[in-house]
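> Below you'll find the structure I mean.
The values are calculated or read from the model by the stated rules, or taken from the named source; none is laboratory data. Keep in mind that this is a model prediction, so the values were computed, not measured. Glycine gets a Cβ as well: all are built from the backbone with ideal geometry, and neighbour counts include every protein chain shown. Calculation scope for accessible area: heavy atoms of the full protein, side chains included, ligands and nucleic acids excluded. Shrake-Rupley method; radii C 1.70, N 1.55, O 1.52, S 1.80 Å.
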Amino acid sequence: MSDNVLNIKKEENYYILTINRPHALNALNHEVFTVLDQFFTQYYRDYSVKGIVITGSGDKAFVAGADIKEFSTLDAVSGAQLSKKGQDIFFKIERFHAPVIAAVNGFALGGGCELAMACHIRVAGTNARFGQPEVKLGLVPGYGGSQRLIQLIGKGKATELLLTTDMVNAHEALELGLVNYVVEPGNEVSNSLEILAKISEKGPLAVDKCIQLVNAYFDKGADGFKNEYTDFGELLGSQDAKEGALAFVEKRKPVFTAK
Ligand code: DAK
């Protein structure tokens, strides 16, 4: 797996992925998408992986969008193919079995904002700036941004931001519900790891199913309530649920095995 455009660092049971194209403010090119895809495909449902943090290299940008120099060479057919490929990768992130946190350390524009929104939780440094500038380029978001922005901040404000291309700062993003936490610059990754540590003590199968149930709410083809009772029943039969109850009775920490 290439470690050039994506630095992959393992820390305990977590991976920290750093998009590493600082000369282009970490803009997403074909190669970044390819290694992200390889990574999330390789570890999908590997319950030894308890969480992922995605951040950008340097202190200026998380990701300043799709690589404008690269996508300006595309035509309608290859553009639609790339958009679909990007959407599929972001779905893999959104459907990952363990929490994926965007540690947003600067600009998160266009595809960068879309990547952050595909993650389950967002931690922003006070220098973070969010925006969807596509219409300025004569485009619409291509990686799910028009849908996930509405999911996170509602129709009215999402429409305004998509049409005006105004950027919002970290505190505004917090107020809007676009980010979960605002921290001092430089603390985005450590704060994200603290959140992961809290979640990693919980039942891994239950964490997975919670993530998928939240996703189901936004999936027009899914019945989230039905999924919930099905998942509830399935988990009740798991060794982890038995261990969880036993540990409570024995007043000790549960030892979950993802079985
Ligand atoms: N792509 C390529 N290079 C980029 C870039 C980007 N998105 N953003 C910045 N850079 C490069 C700049 O060209 C510059 O390179 P040099 O000129 O030094 O070689 C370097 O990074 C530093 O940038 P600036 O000099 O501009 O830095 P400033 O501090 O002055 O400004 C900025 C920072 C973030 C405000 C500015 O760089 C900026 O406005 N960047 C572009 C933001 C943007 O519009 N991003 C694209 C959003 S649209 C598609 C699917 C999806 C999409 C498109 C197509 N298909 C499937 C076809 C999604 C598109 C988007 O993401």
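> Considering only region 76-179, give the strands (runs of 3 or more DSSP E) lying wholly within it that have at least 2 residues that are farther than 21 Å from residue 32 by Cβ, within 15 Å of the ligand (Cβ to nearest atom) and in contact with a His (Cβ under 8 Å, 6 or more places away or on another chain).
The strands (runs of 3 or more DSSP E) meeting that bar number zero.
> Of all residues in region 13-53 being closer than 24 Å to residue 142 by Cβ, without any contact (Cβ under 8 Å) to a residue 60 or more places away in the chain and assigned to a loop (DSSP other than H, G, I, E, B), which is farthest from the ligand (Cβ to nearest atom)?
Only one residue tops the list, namely 44.
> Could you please let me know if residue 144 is in contact (Cβ under 8 Å) with a residue 12 or more places away in the chain, surrounded by fewer than 23 Cβ atoms within 10 Å (Cβ to Cβ) and at positive phi?
The answer is yes for residue 144.
> State yes or no: is residue 61 farther than 21 Å from residue 30 by Cα and either within 14 Å of the chain's Cα centre (by Cα) or within 12 Å of the ligand (Cβ to nearest atom) (or both)?
no
> Can you tell me how many residues within region 152-171 are in contact (Cβ under 8 Å) with a residue 40 or more places away in the chain and surrounded by fewer than 16 Cβ atoms within 10 Å (Cβ to Cβ)?
Matching residues across region 152-171 total 2.
> Taking the stated definitions as given, is residue 209 open to solvent by 30 Å² or more (accessible area, probe 1.4 Å) and in a helix (DSSP H, G or I)?
Judged against the criteria, residue 209 is a match.
Residue-by-condition table, conditions (1) β-branched (Val, Ile, Thr); (2) out of contact with any strand residue (DSSP E or B) (no Cβ under 7 Å at 6 or more places or on another chain); (3) surrounded by fewer than 18 Cβ atoms within 10 Å (Cβ to Cβ); (4) within 28 Å of residue 210 (Cα to Cα):
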| residue | (1), (2), (3), (4) |
| --- | --- |
| 78 | no, yes, yes, no |
| 81 | no, yes, yes, no |
| 85 | no, yes, yes, yes |
| 97 | no, yes, no, yes |
| 100 | yes, no, no, yes |
| 115 | no, no, no, yes |
| 122 | no, no, no, yes |
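> So which residues in region 215-239 are within 18 Å of residue 118 (Cβ to Cβ), open to solvent by 90 Å² or more (accessible area, probe 1.4 Å) and assigned to a helix (DSSP H, G or I), if there are any at all?
Correct list: 217 only.
> Collect the residues in region 10-51 that are among the hydrophobic types (A, V, I, L, M, F, W, C) and open to solvent by 40 Å² or more (accessible area, probe 1.4 Å), keeping them in residue-number order.
Taking region 10-51 first, the residues among the hydrophobic types (A, V, I, L, M, F, W, C) are 16-17, 19, 24-25, 27-28, 32-33, 35-36, 39-40, 49.
25, the sole residue that qualifies.
> Any residue that is within 16 Å of the ligand (Cβ to nearest atom) and touching a His at 6+ places or on another chain (Cβ under 8 Å) - is there at least one of those in region 5-12?
no
Okay, residues lined up against (1) farther than 28 Å from residue 92 by Cα; (2) touching a Leu at 6+ places or on another chain (Cβ under 8 Å):
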{"site": "212", "(1), (2)": "no, no"}
{"site": "216", "(1), (2)": "no, no"}
{"site": "219", "(1), (2)": "no, no"}
{"site": "222", "(1), (2)": "no, no"}
{"site": "225", "(1), (2)": "no, no"}
{"site": "233", "(1), (2)": "no, no"}
{"site": "244", "(1), (2)": "yes, no"}
{"site": "255", "(1), (2)": "no, no"}
{"site": "258", "(1), (2)": "no, yes"}
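> Please state which of the following conditions residue 72 fails to meet, knowing it meets all the rest: (1) of a type in the set (S, T, N, Q); (2) more than 18 Å from the chain's Cα centre (by Cα); (3) open to solvent by less than 10 Å² (accessible area, probe 1.4 Å).
Going through (1) of a type in the set (S, T, N, Q); (2) more than 18 Å from the chain's Cα centre (by Cα); (3) open to solvent by less than 10 Å² (accessible area, probe 1.4 Å) one by one, residue 72 breaks only (3).
> Identify the single condition in (1) under 14 Å from the mean Cα position of the chain (by Cα); (2) open to solvent by 10 Å² or more (accessible area, probe 1.4 Å) that residue 90 does not satisfy, given that it satisfies every other one.
(2)
> So, of the residues in region 125-134 that are among the small types (Gly, Ala, Ser) and over 16 Å from residue 148 (Cβ atoms), which turns out to be surrounded by the most Cβ atoms within 10 Å (Cβ to Cβ)?
In this case the residue turns out to be 128.
> Could you list, in sequence order, all residues of region 64-75 that are acidic (Asp, Glu), farther than 27 Å from residue 124 by Cα and within 8 Å of the ligand (Cβ to nearest atom)?
70 - this is the single residue of region 64-75 that is acidic (Asp, Glu), farther than 27 Å from residue 124 by Cα and within 8 Å of the ligand (Cβ to nearest atom).
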